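First up is the structure itself, then whatever we jot down about it.
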Amino acid sequence: MFWFGGSTDQAPELVDFLEADADQSVKSNHAYVYRTRLDVTAIASGCGTWGRHLLGTVASLPIIFDDQARHLGQLRESEIEEGVSHEALKSGTNVVLAAGDLMVFGMTGKRLVLNAELFELCATEYTLAKTAGAPIKSPSCFARFVATRRLWADEARAAKRVAVGLLPFAVATS
């Protein structure tokens, strides 16, 4: 079971994974992600103004910031038309374009909000630089490698904790 709600809904609804598979919609995409990636405990669909501009022109966003590599990974486009592909999810990315809908993942609700804001920032910077004809530099290969490895390590730790019924990260008590 998982909670699902739209931005205009009064309250979220509790959805069964099996029921979600039957309706071939955003809910079924969410159910598939939750089953496939145990580290993901929160998903947002859609994006802001600059994200829509970016996705309206290109379906990819190169890594332009080290924080982008550290928290989002590479934007992946799902190879299947109607939903999320396993290939897009197994890459460890936290941003997937599935059936024209952007999905941003988070290991916690707070991380989800930060990831969505980071994607919008990256989309803004990339779109403005691209339309202005400015050169777009990526972090060094080593910086991207280290950031990506740290992302994967965090995801693996979170998945192990969620698999045994714990929160993705230990909560500090004071």
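Each reported figure results from applying straightforward, stated rules to the coordinates on display, with no laboratory input. No experiment lies behind these values; they were computed from the predicted model shown. With ideal geometry, Cβ positions are generated from the backbone for all residues, glycine too; neighbour counts draw on all protein chains shown.
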* Nitroxide proxy distance, nm - points 7 Å out along Cα→Cβ at S91 and S138 -> 1.1
* So how much slack lies between L166 and E13, counting 0.36 nm per residue of separation and subtracting their Cα-Cα distance, in nm? -> 52.8 nm
* Structure fact -> Sorted on mean Cβ neighbours within 10 Å (highest first), peptides 3-13, 95-105, 34-44, 142-152 come out as 95-105, 34-44, 142-152, 3-13
* Asked: Which of L102, T49, L89 sits closest to the plus end of the dipole of the stretch 2-163, meaning its Cα is farthest towards the positive end, when Lys and Arg get +1 and Asp and Glu get -1 on the C-beta?
  -> L89
* Asked: Using a simple spin-label model with points 7 Å from Cα along the Cα→Cβ vector, what separation in nm is obtained for L121 and T49?
  -> 1.9
* **HN-Hα J in Hz across the stretch 105-114 - Karplus 6.51, -1.76, 1.60, θ = phi - 60°, x for Gly and Pro** => 10, x, 6, 9, x, 5, 5, 4, 4, 5
* Asked: Based on the Cβ-Cβ distance of D101 and F145, what FRET efficiency does E = 1/(1 + (r/R0)^6) give at R0 = 45 Å, to the nearest 0.05?
  -> 0.90
* Rounded to the nearest 500, what is the 222 nm mean residue ellipticity of the chain from helices alone, with -39500 (n - 2.57) per DSSP H run of 4+ residues and division by all residues? => -15000 deg cm²/dmol
* Asked: Residue by residue through the stretch 148-158, which ³J(HN,Hα) values in whole Hz follow from phi under the Karplus form 6.51 cos²θ - 1.76 cosθ + 1.60 (θ = phi - 60°), with glycine and proline marked x?
  -> 5, 5, 5, 4, 4, 5, 4, 5, 5, 4, 5
* For the stretch 2-163, what Kirkwood radius comes out of the mean inverse Cα-Cα distance, in Å? -> 16.3
* Between K110 and K130, what FRET efficiency follows from the Cβ-Cβ distance if R0 is 30 Å, with the result rounded to 0.05? -> 0.50
* Search the structure for amide H atoms under 5 Å from the amide H of A42, placed 1.01 Å from N in the peptide plane, and list their residues when 5 or more places away or on another chain. => G106
* Structure fact -> The long-range amide H neighbours of L102, using H built 1.01 Å from N in the peptide plane and a cut-off of under 5 Å, are G46
* Would you kindly derive the ³J(HN,Hα) couplings of the stretch 39-53 from the backbone phi angles with the Karplus curve 6.51 cos²θ - 1.76 cosθ + 1.60 (θ = phi - 60°), listing them in order in whole Hz, with x for Gly and Pro? => 6, 8, 10, 8, 9, 10, 10, x, 7, x, 4, 5, x, 5, 4
* Student exercise, the chain dipole from Lys, Arg, Asp, Glu Cβ charges, in Debye to nearest 20 -> 880
